[in-house]
Amino acid sequence: MAHSELPSDDDAELVQRVGRGDAGAYRTLVVRHGANLERFAKRLLRDEAEAEDVVQETFLRLWQRAAEYRPAARVGTWLHSIAYHLAIDRLRATKRLDAFEDDDGGAVSARQPSLLDEKRRVELLDAALAALPGRQGAAVTLVHLHGLSGAEAAEVLGIGLEALESLLARARRALKSFLSQHAEHQDHAP
């Protein structure tokens, strides 16, 4: 069995192997991280085709820069950071970056959403996440959906830990308000 066929649980080791031209290690990393990166990019860009392009570019950069990688952060964090910056560049290029910036507006309702069927909950949560300003949505996605630690998410976003916590707090308030308002509409529907 060739070295490239041996699977590894250690992403850093796989990146080192990619840096030596190991296509099998590269494919393993693409399979391991591709879906998470695509979901993340879709949340940021709100465009499936652009998200796919960002993920492809992220993995191209992995192939090109693997030999330079130094494990100061987890590989998943490093890849998310690359994808984040590529997405921001796309938003700037299309002049959609203003929509990505944070907005603190809106009052928070204390009312919790009523019980909805599971499919409706998922749809409502997706809509709520899509309604968040970009950086808030990115923070929530990284921490709560992709399982990055606060420090890792802050690194991906290029902000301090306190700024991340502030983004998460505002995002949680906005999500609560959004979900509460939509639950009220469900309660009043015929």
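Every read-out reported here was derived from the displayed coordinates using simple, explicitly stated rules and does not represent laboratory data. Keep in mind the model is a prediction, meaning the values are calculated, not measured. Cβ: placed from backbone, ideal geometry, glycine included. Neighbour counts: every protein chain shown.
If we count other beta carbons within 10 Å of each Cβ, what is the order of Ser149, Ser180, fewest first?
Ser149, Ser180
Provide the per-residue ³J(HN,Hα) series for the range 165-174, in order, calculated from phi with Karplus coefficients 6.51, -1.76, 1.60 and θ = phi - 60°, each as a whole number of Hz, with x at glycine and proline positions.
Once rounded to whole Hz, the list reads 4, 5, 4, 5, 5, 5, 5, 5, 4, 5.
Kindly provide the Kirkwood hydrodynamic radius of the range 3-98 in Å, to one decimal, from all pairs of distinct alpha carbon atoms. Display every interim value, and only then the final one.
On the way: mean 1/r = 0.0734 Å⁻¹.
That comes to 13.6 Å for the range 3-98.
Sort Arg172, Arg20 by Cβ crowding within 10 Å, fewest neighbours at the top. Each step should come with its number before you reach the end.
Values: Arg172 15, Arg20 11.
Ranking Arg172, Arg20 by Cβ neighbours within 10 Å, fewest first, gives Arg20, Arg172.
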